[in-house]
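Worksheet: one structure, shown below.
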Amino acid sequence: MRLSRIALLILVSCAAAYDAPKTLERDFPYPPAAIETALRQLGAYTGSRLPSLDGFIKTERAQLPHYQRPYYEYKIELAPAASEHTIVKVKANVSAWYEDSESHQSGYQTLESNGRLENDLLDRLADYLANNGLKIVTDPQELAKRLEAVRRQRVEAERRVAELENQMQALRAKPESDPAEYVSAPRSSIAIVSAPKERASVLLQAQAEDEFEVLEHRGPWLRVQLQDSQSGWVKSALMKSNHAPAQASGSTNVQGFTIIREVPSTFSGDWPRLKGKQALYIWARPEGSVLNEAGSKLRFAERIFKERYREASHNSQNSVAGIVVIFLDQRGGVGAAALEDIGRWADGTLTQSAFLKKCSLDPPGAFEAARPKAQAAIR
């Protein structure tokens, strides 16, 4: 009898040892500091509630309705291994409120995880390290370098803001009685140079109809305003004087249209000329009587194409390959053109009709110009 009791105790002990919660572990090719940083990014050191216990613990399904407010937290150990490896050991501690109205033994109970929570964390850690492992910085010197780079960027941004504010104040202080003087290029490939002398370096080649504000006269030379607060020099004999400045691009109201917004973005359509490339999107709303004026959208789109092309050709940091004008009215309409085609049209190597054939005008009817009645009657 005594021997049978001893045998029973041994069997119970073995079963308990076999069923005891196990710690899952996995080897990762990263040092402990990098592993800990990744685990903190994943929120592994903060407990959380479970939607239910079903599928997360070892228990009989009949017992599940008695449990409420399930909660878990991880116990994590990081063991350094050879060659910058780390063994991550994870054990999930699950608890829940047990409600027993009959025996009055309600209370929080600790439950045994079935390993799903541990494997989930280890899988998420593996995915995170695969995608972000090279970005995790644990070297203090490298962190100091990155911090210094960010500080330099901030200083440069603050300097640029101060420069723009000074320019704004100078423009506001400029007397209204002193109108700006403008000149334009009568043909393409007129050199704008860095200094008022014959062999100065060329800053850009002005294209036909490009317009510049005159900042200074010096003998036969003119100093003109360029993009990004820069200026250049050109011989006055090569330019054409404009008595009245053209309306500034980006104006909120141009030819009966109000520009609502403009932003560069990747072209989202299937048109081959711009597919997958960066484009400048411009949203415009027609105003007043222009709504019923045939060809008004086409004329507006053509003007915007040329104005934004001139801006892009003067900007050394331009990254857009085309311009898209979207009309916000009941009839709608989208006109798109590649910057390369606009340039050829602007310098005269493409006729207007040839240029329009290269554009995307959708629907075509929204961009049709008025036709004489006699021609409209002929089919």
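Calculate, for Ala354 and Arg199, the FRET efficiency according to 1/(1 + (r/R0)^6) with r their C-beta to C-beta distance and R0 51 Å; round to the nearest 0.05. For Ala354 and Arg199, the calculated efficiency is 0.85.
Solvent-accessible surface (1.4 Å probe) assigned to Tyr128 amounts to roughly 50 Å². For Asp210, nonlocal amide neighbours, meaning residues 5 or more places apart or on other chains whose placed amide H falls under 5 Å from its own, are Ala185. Near the amide H of Leu328, within less than 5 Å, lie the amide hydrogens of Ala284, Arg285, all on another chain or at least 5 residues away, with H placed in the peptide plane. Rounded to the nearest Hz, the phi-derived 3J(HN,Hα) couplings of region 182-193 under the Karplus curve 6.51 cos²θ - 1.76 cosθ + 1.60 (θ = phi - 60°) are 10, 10, 9, 7, x, 8, 7, 6, 8, 6, 9, 10, where x marks glycine and proline. Run through region 26-86 and list the trypsin sites (Lys or Arg not before Pro) located in a DSSP loop whose Cβ has at most 12 other Cβ atoms within 10 Å. Qualifying residues, ordered by number: Lys58. Close amide H partners of Glu368, meaning residues 5 or more places away or on another chain with modelled amide H under 5 Å apart, are Gly295. For region 71-104, the set of GluC sites (Glu not before Pro) satisfying both a DSSP loop assignment and a count of at most 11 other C-beta atoms within 10 Å is given as Glu102.
Over 25 Å apart at the Cα level, from the set Lys58/Lys91; Lys240/Lys358; Lys197/Lys306; Lys275/Lys306; Lys275/Lys357, are Lys240/Lys358; Lys197/Lys306.
The values are calculated or read from the model by the stated rules, or taken from the named source; none is laboratory data. Small disclaimer: the values here were computed from a predicted structure and weren't measured. Methodologically, a virtual Cβ is constructed for each residue, glycine included, from the backbone with ideal geometry; neighbour enumeration extends over all protein chains shown. Protein only, heavy atoms only, side chains kept; ligands, DNA and RNA dropped before computing areas. Shrake-Rupley method; radii C 1.70, N 1.55, O 1.52, S 1.80 Å.
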